[in-house]
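Please read the structure below before turning to the comments.
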Amino acid sequence: MAVQTTYPTGAKPTAGALTDAAIHARVGILERCRQRRAERKCRVLVRWLRRTANRAHDTDPIRRRREVPLHYRAAAVRIDLLEIAALLERASTPNPACVATLHKLLTNGCASPLYNVNIDVSELRATLDRVRAGLLTPA
């Protein structure tokens with residue numbers, strides 16, 4: 001007695017079409033992964049900017065000593081930091097150069113105008129103005 005298959009047999013795709021579909025699927029997966037990674041990086045920067053701005057006016061000297069080394073600089077540009085955080089949060093595709101500048105501003109203690117006493121505060125304001133202008137212009 002012969003066994004009958006219950007699944008319909010349709011036309012099978014050619015090897016070339018299968019390869020093209022697989023390539024497009026992989027490209028889509030990689031692009032979505034890059035997009036999620038960029039979105040996560042922006043969310044982290046937004047939280048970091050807000051935390052720096054909100055802790056600039058902390059009156060406890062022990063907490064202030066550990067949080068922002070130059071709290072008076074962060075206090076001087078607190079409104080700018082919060083505005084840039086809001087712009088970055090609303091931007092669907094922020095300028096990568098602006099994101100990199102913000103990351104350097106918040107992480108690089110020696111060369112950052114936010115943390116280095118030897119760099120004038122006007123340099124910090126100029127950096128923040130440059131970032132704000134880059135986030136306001138559409139990519």
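Suppose the chain between E89 and R43 were pulled fully straight at 0.36 nm per residue; how much longer would it get relative to their current alpha carbon spacing?
Gain on stretching E89 to R43: 15.9 nm.
Treat the count of other C-beta atoms within 10 Å as a stand-in for reagent exposure and order L88, L30 from fewest to most.
With the fewest neighbours first, L88, L30 line up as L30, L88.
Say a paramagnetic label sat at a point 7 Å from the Cα of R34, along Cα to Cβ; which residues of region 81-117 have their backbone N under 15 Å from it?
Residues passing the 15 Å test: 93-97.
Every read-out reported here was derived from the displayed coordinates using simple, explicitly stated rules and does not represent laboratory data. Remember, predicted model here, so these are calculated numbers, not experimental data. Virtual Cβ from ideal backbone geometry, glycine too; neighbours counted across all protein chains shown.
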